[in-house]
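See below for the structure under consideration.
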Amino acid sequence: MSRAGPDRRAVLAGVGALAVAGASLGASGVAPLYEALDDIRAAFDRQPVERLAVDGGYIRLVIADGAPGLDRALVQAWIHASARAVSTYFGRYPVPDHALLVVAEPGRHVGHATTFGEGGAVTRIRVGTEADRAAFDLDWVLVHEMVHIALPDLPRRALWLQEGNATYVEPIARALVGRLAPAEMWREAVDGIPKGLPDGGEVGMDGTRAWGRLYWGGALFWLLVEIAIYRETNGKGSLRNALRHVNRASGGNAVTWSPERLVATADAANGTGSVGRLYACFATERVAPDLAALVGELGVRGAGGGVLLDDRAPLAGLRASITTP
Ligand SMILES: [Zn+2]
């Protein structure tokens, strides 16, 4: 996430609990947890920095405290593959300078990360020293964090817009570069989005702290925006174009915008009004669309634990365009 605290999809997956217990001891005997932004920034002043060239800039990589046992070649390949996914979605890497602190800990997992914007994009991500190539290939967390750096920071009330955007865009970015099959991407969406629907008493999204609402409710918003832009522009505009425009106009997450400015900028990219209209609904009103009908229109049909993609569905062209570079 972009302000403070770990991404909760990772915590819920069970890897977050390892973060503190697994930290190694530094020379002082105090575990360098790199939880606070000041500690993370200090690592870039005091420890060796590698510059990894990405499309439109570079990633400054610090592997915290040297991390003996961590396979650096695997780590660098994973960073490059994640950066290529995000660069493909946004047309280039979202910021010219991204500071990335990799903190090793015992275990086989990859992930559990926090991204900050103030003072420039910086991410801390934890990686198990026993993580193998398959674990790196399956990771989604680094791509999720790289999507966060693309958009301006927002006030706390609109955190659902940020988490929803990263949740929605991350699998698409991986699909664009062949790291995730489109059918699997849509299966995950069909599984996940119902977790974002409002409970009995819930109304608008603004200010919500419920993880399902923040991540999957926010992702549903961006899927509906995707469909609305497609319809309003007869297929000529796209959410991808809108988000590229927001990225270029803002310069990424080092600035804070109002959500109203973000949606107005997104609308301006395609000459639409639907982003602002949908935002106003989601922010203040209860929105619970018929998800079965929605995915049916996209041509995503459940089949034996997976999904089948139907190219005759009304929005099949949109669905295919989402995962086409
Ligand atoms: Zn996040």
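The values are calculated or read from the model by the stated rules, or taken from the named source; none is laboratory data. The structure presented is a predicted model; accordingly, all values stated were derived computationally and were not measured. All Cβ positions, glycine included, derive from the backbone under ideal geometry; neighbour counts span all protein chains shown.
On the given criteria, is Thr123 part of a strand (DSSP E or B), within 15 Å of the ligand (Cβ to nearest atom) and farther than 24 Å from Ala189 by Cβ?
yes
Being surrounded by fewer than 23 Cβ atoms within 10 Å (Cβ to Cβ) and either assigned to a strand (DSSP E or B) or aliphatic (A, V, I, L, M) (or both) is true for just one of Ala113, Ala77. Which residue is that? Reasoning before the result, please.
On the way: Ala113 fails: surrounded by fewer than 23 Cβ atoms within 10 Å (Cβ to Cβ).
From the options Ala113, Ala77, the qualifying one is Ala77.
Which count do you get for residues in the stretch 104-120 that are more than 16 Å from the ligand (Cβ to nearest atom) and either within 19 Å of His80 (Cβ to Cβ) or not assigned by TED's automatic domain parsing to the domain that holds Leu37 (or both)?
1
Looking at the stretch 164-212, which of its residues are within 16 Å of the ligand (Cβ to nearest atom), at pLDDT 95 or above and aromatic (Phe, Trp, Tyr)?
Tyr168
Just one of (1) under 22 Å from Pro289 (Cα atoms); (2) within 14 Å of the ligand (Cβ to nearest atom) trips up Leu151, so point out which.
Tallying (1) under 22 Å from Pro289 (Cα atoms); (2) within 14 Å of the ligand (Cβ to nearest atom), Leu151 fails exactly one: (1).
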